[in-house]
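A.B. asks: Would you mind keeping the following structure in view while I ask a few things?
The values are calculated or read from the model by the stated rules, or taken from the named source; none is laboratory data. What you are looking at is a predicted structure, and each value in this text was computed from that prediction instead of being measured. When we count neighbours, we look across all protein chains shown, and the Cβ atoms used for this are built from the backbone with ideal geometry, even at glycine.
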């Protein structure tokens, strides 16, 4: 069943039961132990580094945090597992809403590249569906990280569900070396929204009627 309720955060550890692998993901070096405290401590606003990032895109300047859903499941339109976004944010931008999909990262990778992940007919059908959404030729997708495809598509699908015209997929990284940024940059180039440095939003491009941006936020680990 897809959860639609907020995860109540009395303490950041309240997120643990909702993680895909629970305690296995709540440990040093994993993003869950950084992302939940950072957002919880920000209260009703965006974390400082995220706010600075949003200010690099004109439509997100002054954005307000309306709702946030940790471990939000999104139907990808094909048989198989839902995408489980670390934090799905509903933001107010002027008189409109925008969807911001946050993918937390510390030192862990974006998992398998598409050519390794795609080992069945069902996965090939899903790949074609996601590539159609993202205007990518499936033949181009082989070296890309599969997680980036479905997380970005999730932002678009949630924006459609909320009747919003705007979506942002942002990696909130707590790696002091910007680890895995090169994979993200390669993905952004294939989507024709190139990002060559962290802490900026990409240009906007329309997908399925949604104005999408990509972004990478570099933040300071809580344990540092």
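A.B. asks: Among the residues of the stretch 89-96, are any closer than 16 Å to residue 60 by Cβ, in contact with a strand residue (DSSP E or B) (Cβ under 8 Å, 6 or more places away or on another chain) and surrounded by fewer than 18 Cβ atoms within 10 Å (Cβ to Cβ)? Please lay out each step first, then the result.
C.D. replies: Going residue by residue through the stretch 89-96, those that are closer than 16 Å to residue 60 by Cβ are 89-96.
The next check asks that each one be in contact with a strand residue (DSSP E or B) (Cβ under 8 Å, 6 or more places away or on another chain); those that pass are 89-93, 96.
From what is left, the residues that are surrounded by fewer than 18 Cβ atoms within 10 Å (Cβ to Cβ) are 92, 96.
There is at least one residue in the stretch 89-96 that is closer than 16 Å to residue 60 by Cβ, in contact with a strand residue (DSSP E or B) (Cβ under 8 Å, 6 or more places away or on another chain) and surrounded by fewer than 18 Cβ atoms within 10 Å (Cβ to Cβ).
A.B. asks: Let me ask something else about it. Could you tell me whether any residue of the stretch 187-195 is touching a helix residue (DSSP H, G or I) at 6+ places or on another chain (Cβ under 6 Å), farther than 26 Å from residue 91 by Cα and assigned to a loop (DSSP other than H, G, I, E, B)?
C.D. replies: no
A.B. asks: Next question. Name the single residue that is nearest to the chain's Cα centre (by Cα) among those in the stretch 59-77 being in a loop (DSSP other than H, G, I, E, B) and more than 30 Å from residue 126 (Cβ to Cβ).
C.D. replies: Our first condition is that a residue be in a loop (DSSP other than H, G, I, E, B); within the stretch 59-77, this holds for 61-63, 75-77.
Cutting the leftovers down to more than 30 Å from residue 126 (Cβ to Cβ) gives us 61-63.
On the way: 61: 19, 62: 20, 63: 17 Å.
Restricting to residues being in a loop (DSSP other than H, G, I, E, B) and more than 30 Å from residue 126 (Cβ to Cβ), the top hit is 63.
A.B. asks: Just give me the residues in the stretch 207-224 being outside any loop (DSSP other than H, G, I, E, B) and touching a strand residue (DSSP E or B) at 6+ places or on another chain (Cβ under 7 Å), in sequence order.
C.D. replies: Keep residues of the stretch 207-224 that are outside any loop (DSSP other than H, G, I, E, B), which gives 207, 210-218.
Hits for the stretch 207-224 are 210, 211, 212, 213, 214, 215, 216, 217, 218.
A.B. asks: Quick one: in the stretch 164-194, which of the residues that are over 28 Å from residue 123 (Cα atoms) and free of Cβ contacts under 8 Å to residues at least 60 places away in the same chain is surrounded by the most Cβ atoms within 10 Å (Cβ to Cβ)?
C.D. replies: Residue satisfying both the conditions and the ranking: 178.
A.B. asks: Something else about it: Condition first: surrounded by 14 or more Cβ atoms within 10 Å (Cβ to Cβ) and either within 18 Å of residue 182 (Cα to Cα) or under 17 Å from the mean Cα position of the chain (by Cα) (or both). Now tell me which residues in the stretch 133-146 satisfy that.
C.D. replies: Our first condition is that a residue be surrounded by 14 or more Cβ atoms within 10 Å (Cβ to Cβ); within the stretch 133-146, this holds for 133-134, 136, 138, 141, 144-146.
Listed by number, the residues that qualify are 133, 134, 141, 144, 145, 146.
A.B. asks: As an exercise: evaluate residue 135 against (1) in contact with a strand residue (DSSP E or B) (Cβ under 8 Å, 6 or more places away or on another chain); (2) under 26 Å from residue 50 (Cβ atoms) and give the number of the one condition it does not meet.
C.D. replies: (2)
A.B. asks: All but one of (1) modelled with pLDDT of 95 or more; (2) farther than 20 Å from residue 55 by Cβ; (3) in contact with a strand residue (DSSP E or B) (Cβ under 7 Å, 6 or more places away or on another chain) hold for residue 180; state the number of the condition that does not hold.
C.D. replies: (1)
A.B. asks: Specify which of the listed residues (130, 149) is more than 22 Å from residue 53 (Cα to Cα) and crowded, with 22+ Cβ neighbours inside 10 Å.
C.D. replies: Values: 149 fails: more than 22 Å from residue 53 (Cα to Cα).
When all the criteria are applied, what remains is 130.
A.B. asks: Then there is this: Restricted to the stretch 78-96, and to residues that are assigned to a loop (DSSP other than H, G, I, E, B) and touching a residue at least 12 places away in the same chain (Cβ under 8 Å), which residue is farthest from residue 126 (Cα to Cα)?
C.D. replies: Filtering the stretch 78-96 down to residues assigned to a loop (DSSP other than H, G, I, E, B) leaves 78-82, 94-95.
Pick out the ones that are also touching a residue at least 12 places away in the same chain (Cβ under 8 Å) and you get 78-80, 82, 94.
Numbers: 78: 6, 79: 8, 80: 8, 82: 11, 94: 35 Å.
Once the filter is applied, the top-ranked residue is 94.
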